[in-house]
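Following: one structure in structure tokens, then a few remarks.
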Amino acid sequence: MSTTLWYVHDPMCSWCFAFRPTLAALQARLPEAVAVKRLLGGLAPDTDEPMPEAMQAYLQATWQRIEERVPGTRFNFDFWTRCRPRRATWPACRAVIAARALNPAYEVPMVEAIQNAYYRQARNPSETDTLVALANELGLDTVRFVRLLDAPETHSRLSEEMGRARAMGVDAFPSLVLEIDASRWRVAVDYNDPEAMALQVDALLTAT
């Protein structure tokens, strides 16, 4: 029996950032037979246009709501005055794919570097310069990283992962989907209680 827990996310999704410690706790709790694999959902497509003020206000309100709902989560609101926000997360998604292509062990570190840059350091991961700087800080080969960042195969890989997420019925991030052989079940995301999610997985494994 093949069992996979799919984690569908976007590195610039604020709720995914808040979910990070709880996801780690969930992974530590899962049976060894359950493989955890990631899919990039691609929250917002490429654009050079500045983010509309209404969207900026909405996202700042979202950050405040997350801080209230998920204890321990803190955002650096200086981002909104220091940076030129754009509603574009696909560049960050491609950076994760590029890091993974260079070394699979750097997939999660790149996601976390993007989140830390965006939410804690008030840096803009929609900008190529920021993504290249993060690759350099992680110790990746930046020449190869830059080549991969906008390579056709990287674009294709992102499209493929977004398509797989849609085929699973995922339309919000973060999402968890348990796949047992050819069957799939959604696992309700709990931002504060990894045990609740682990029990859902346990129940599904027992039922099948």
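The values are calculated or read from the model by the stated rules, or taken from the named source; none is laboratory data. If you're wondering where the values come from, they're calculated on a predicted model, not measured in any experiment. Methodologically, a virtual Cβ is constructed for each residue, glycine included, from the backbone with ideal geometry; neighbour enumeration extends over all protein chains shown.
Of all residues in region 1-33, which are in contact (Cβ under 8 Å) with a residue 12 or more places away in the chain and assigned to a loop (DSSP other than H, G, I, E, B)? Residues satisfying the conditions are Met1, Ser2, Asp10, Pro11, Met12, Cys13, Leu30, Pro31, Ala33. Comparison of Leu140, Leu148 shows that the only residue that is in contact (Cβ under 8 Å) with a residue 24 or more places away in the chain and either touching a Ser or Thr at 6+ places or on another chain (Cβ under 6 Å) or assigned to a helix (DSSP H, G or I) (or both) is Leu148. Screening Ala133 against (1) more than 27 Å from Val70 (Cβ to Cβ); (2) touching a helix residue (DSSP H, G or I) at 6+ places or on another chain (Cβ under 9 Å); (3) exposed (fewer than 13 other Cβ atoms within 10 Å of the Cβ) leaves a single unmet condition, (3).
Residues in region 65-91 that are touching a Phe, Trp or Tyr at 6+ places or on another chain (Cβ under 8 Å) and assigned to a helix (DSSP H, G or I): how many? Looking only at that region, the number is 4. With respect to the conditions (1) loosely packed, with under 15 Cβ neighbours inside 10 Å; (2) over 22 Å from Met51 (Cβ atoms); (3) of a type outside the set (A, V, I, L, M, F, W, C), Thr128 lacks only one, and its number is (2).
Residue under question is Tyr118, and the condition is that it be in contact (Cβ under 8 Å) with a residue 40 or more places away in the chain, in a loop (DSSP other than H, G, I, E, B), surrounded by 13 or more Cβ atoms within 10 Å (Cβ to Cβ) and among the aromatic types (Phe, Trp, Tyr); does it hold?
Details: in contact (Cβ under 8 Å) with a residue 40 or more places away in the chain: yes; in a loop (DSSP other than H, G, I, E, B): no; surrounded by 13 or more Cβ atoms within 10 Å (Cβ to Cβ): yes; among the aromatic types (Phe, Trp, Tyr): yes.
It is false that Tyr118 is in contact (Cβ under 8 Å) with a residue 40 or more places away in the chain, in a loop (DSSP other than H, G, I, E, B), surrounded by 13 or more Cβ atoms within 10 Å (Cβ to Cβ) and among the aromatic types (Phe, Trp, Tyr).
Arg100 meets the conditions (1) crowded, with 16+ Cβ neighbours inside 10 Å; (2) touching a residue at least 24 places away in the same chain (Cβ under 8 Å) in every case but one. The failed one is (2). Kindly list the number of the only condition in (1) under 27 Å from Arg69 (Cβ atoms); (2) modelled with pLDDT of 95 or more; (3) outside any helix (DSSP H, G or I); (4) among the acidic types (Asp, Glu) that fails for Asp202. With respect to (1) under 27 Å from Arg69 (Cβ atoms); (2) modelled with pLDDT of 95 or more; (3) outside any helix (DSSP H, G or I); (4) among the acidic types (Asp, Glu), Asp202 is out only on (3).
Among the residues of region 56-93, which ones are of a type in the set (Gly, Ala, Ser) and either touching a residue at least 12 places away in the same chain (Cβ under 8 Å) or closer than 20 Å to Asp193 by Cα (or both)?
At the first step, the residues of region 56-93 found to be of a type in the set (Gly, Ala, Ser) are 57, 61, 72, 88, 92.
Within region 56-93, Gly72, Ala88, Ala92 meet the criteria.
Scan region 153-188 for residues that are part of a helix (DSSP H, G or I), within 23 Å of Ala18 (Cα to Cα) and more than 14 Å from the chain's Cα centre (by Cα) and the total you get is 1.
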